[in-house]
Structures are given as structure tokens and as C-alpha cells.
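First comes the structure, then the notes that go with it.
The values are calculated or read from the model by the stated rules, or taken from the named source; none is laboratory data. Quick caveat: nothing in here was measured; it's all calculated off a predicted structure. Don't worry about glycine lacking a Cβ; one is built from the backbone with ideal geometry, like all the others, and counts go over all protein chains shown.
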């Protein structure tokens, strides 16, 4: 595939919640498992049906699994740069399977996705993410766009739970 350009849609939701509450609320919506745990579950499953059950169990109410967390505030406190910011790397292997089947291995660059919660200079909590639909649109595959639209809906719901 040659180099392509596409328009991204970056979503920012301002919240009246304190930063710590937004973090708690988003974590309550997601399951949590490291990439290693997901790999171990896949290896231990006798077949894909059993792995599917495992993933459905691990996914939270949002159907996302928090596979990594980067607490930028904690990292930057050593600089020192005072900030409150947490980046969640989130996904679900079952959804990733649908995306990869519909779009091919090249869409793997965009998986898993991320959601970022931070406190701005005014003390307002911001919940942000990039929609995956516009990113997947570059491949011009209707089935891929349909899966991406469902993910964008789930991301919007997750961000809304964190922010409101």
C-alpha cells in the first residue's frame, strides 16, 4: 500500500468530575489484563470458542480490556513537571480479530486503541481519544468501516462514562 493521508477525528470531552473520579469511573467500565495474560489465555485455550469465553469474561461492561496504562503524571513528576494524566491502552482481541479479518494485517498498526484522561491548566478533567473509523476509512473497505463504527460507538460510551 502506498503512503496515504487521512483525516483523523480527535474527540475531547470536558468533564465536571475531578480527575481521580474520572479515572476510577473509566477503570470500573473496563476489564484489565496485560498482553502477556491475553497471550497466556490464548495458549491455554483448547479452541477459539474457549478463548472467546475467556475474553468475554475479561472484558468489562464497556467490552474493552485495559491492556496497559501509562501514568504520565507519575512519570513526569520526576522531571519535575506537575500534571495529572493517564493514558489507557485498550482493546479486545475479539474485536481486533474482526478488524484484522475485514482489513488485513496492515490495520494492526492501529490496534489496540487509546483513551487519555488528563487535567488541563484550568483544572478541568478532559477525556480524549481518536476515533478509529476515520483511520480505517483509508482502506476503503465497507466491512472494516462497519466494525470501526461499532468501536467508535463503544469508545464514545466509555468516554462518556468517564466524563459524565
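One residue stands out among those in region 4-13 that are surrounded by 12 or more Cβ atoms within 10 Å (Cβ to Cβ) and touching a helix residue (DSSP H, G or I) at 6+ places or on another chain (Cβ under 7 Å): the one that is farthest from residue 131 (Cα to Cα), which is 13. Considering only region 69-85, I want to know if a residue exists there that is in contact with a helix residue (DSSP H, G or I) (Cβ under 8 Å, 6 or more places away or on another chain), under 20 Å from residue 25 (Cβ atoms), at pLDDT 95 or above and assigned to a strand (DSSP E or B). No: zero hits. Residue 84 meets the stated requirement of being buried (at least 17 other Cβ atoms within 10 Å of the Cβ), touching a residue at least 60 places away in the same chain (Cβ under 8 Å) and farther than 18 Å from residue 10 by Cα. Residues that are modelled with pLDDT of 95 or more and exposed (fewer than 14 other Cβ atoms within 10 Å of the Cβ) do occur in region 92-103.
Just give me the residues in region 28-44 being buried (at least 16 other Cβ atoms within 10 Å of the Cβ) and either within 11 Å of residue 58 (Cα to Cα) or out of contact with any helix residue (DSSP H, G or I) (no Cβ under 9 Å at 6 or more places or on another chain) (or both), in sequence order. Those that are buried (at least 16 other Cβ atoms within 10 Å of the Cβ) and either within 11 Å of residue 58 (Cα to Cα) or out of contact with any helix residue (DSSP H, G or I) (no Cβ under 9 Å at 6 or more places or on another chain) (or both): 30, 31, 32, 33, 38, 41. The residue of region 30-66 that is farthest from the chain's Cα centre (by Cα), among those that are closer than 15 Å to residue 97 by Cβ and outside any helix (DSSP H, G or I), is 47. Filtering region 113-134 for residues that are assigned to a helix (DSSP H, G or I) and either within 19 Å of residue 60 (Cα to Cα) or more than 14 Å from the chain's Cα centre (by Cα) (or both) leaves a non-empty set.
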